[in-house]
Amino acid sequence: MIDEQRVAPGEILTATPESLERVAKRWEGLHERLDVKLKTIQGLDRTPEERLIAQAAKSPTSAKRVSWLRKAADHVTAHLAACKKGCAHCCHIAVMISRSEAQVIAKETGAKLDVKAGAFTMDHAEEAPGAYQAATDQAFGKPCPFLADGSCGIYSSRPLQCRLLLNLDDDALLCQLMQGGATNVPYLNT
């Protein structure tokens, strides 16, 4: 287990031989641990989430679609992740959301909508291949504007990407942000 007293969420560590060795050791046996979790997922009844996604597809407004998709995401991810209250490492990386979702979050939270929200799309990434990486690099290590005292200040309204970005390992060791080191978190690919 990681010494969480020593490493604060969002703290960018320097990749030292010792830290890289700890990460390499964690990767030993990772595939076996993930196989157990994936078999658990495969054994689950997927009917409820299929119904929720179908309901989202039939919804007349984007706000209602976002609501149904949130319910589906929460159903899929329940009890699978190493993510726990107080773990905010992924709250220091770039998250792309749609303009529709940004509008729903702004309405629910009373936050002012960022005029740039939804301006960058993956279509733009194809037109300007370096733009996505530049945006990601710019956000690296910076806290989400909704992060408050190490917790999500809009947890019930958090973006779908935040709901689905889950570390499937046993703890947050592989989530550590390391300057000069690759971050290889075993995320659930939803």
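Figures for the structure shown
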item	result
Enumeration of residues in the range 104-139 that are in a loop (DSSP other than H, G, I, E, B), of a type in the set (A, V, I, L, M) and modelled with pLDDT under 80	VAL115, ALA117, ALA119, ALA128
All positions within the range 1-54 that are part of a loop (DSSP other than H, G, I, E, B) and modelled with pLDDT of 80 or more	THR16, GLU28, GLY29, ASP45, ARG46
THR77 vs. criteria of a type in the set (S, T, N, Q), open to solvent by 90 Å² or more (accessible area, probe 1.4 Å) and under 24 Å from ILE93 (Cα atoms)	no
Condition check for ASP149: open to solvent by 40 Å² or more (accessible area, probe 1.4 Å) and farther than 27 Å from SER62 by Cα	yes
Complete set of residues in the range 9-34 that are free of Cβ contacts under 8 Å to residues at least 12 places away in the same chain, open to solvent by less than 80 Å² (accessible area, probe 1.4 Å) and over 30 Å from LYS142 (Cα atoms)	GLY29
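Matching residues to (1) assigned to a loop (DSSP other than H, G, I, E, B); (2) open to solvent by 50 Å² or more (accessible area, probe 1.4 Å); (3) free of Cβ contacts under 8 Å to residues at least 40 places away in the same chain; (4) under 16 Å from ILE154 (Cα atoms):
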| site | (1), (2), (3), (4) |
| --- | --- |
| ALA56 | no, no, yes, no |
| LEU69 | no, yes, no, no |
| GLY86 | yes, no, no, yes |
| CYS90 | no, no, no, yes |
| ALA102 | no, no, yes, yes |
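The values are calculated or read from the model by the stated rules, or taken from the named source; none is laboratory data. Since we're looking at a predicted model, the values are computed, not measured. In this analysis, Cβ positions are derived from the backbone assuming ideal geometry, glycine residues included, and neighbour counts consider all displayed protein chains. Accessible surface is based on the protein model in full, side chains and every heavy atom, while ligands, DNA and RNA are left aside. Shrake-Rupley method; radii C 1.70, N 1.55, O 1.52, S 1.80 Å.
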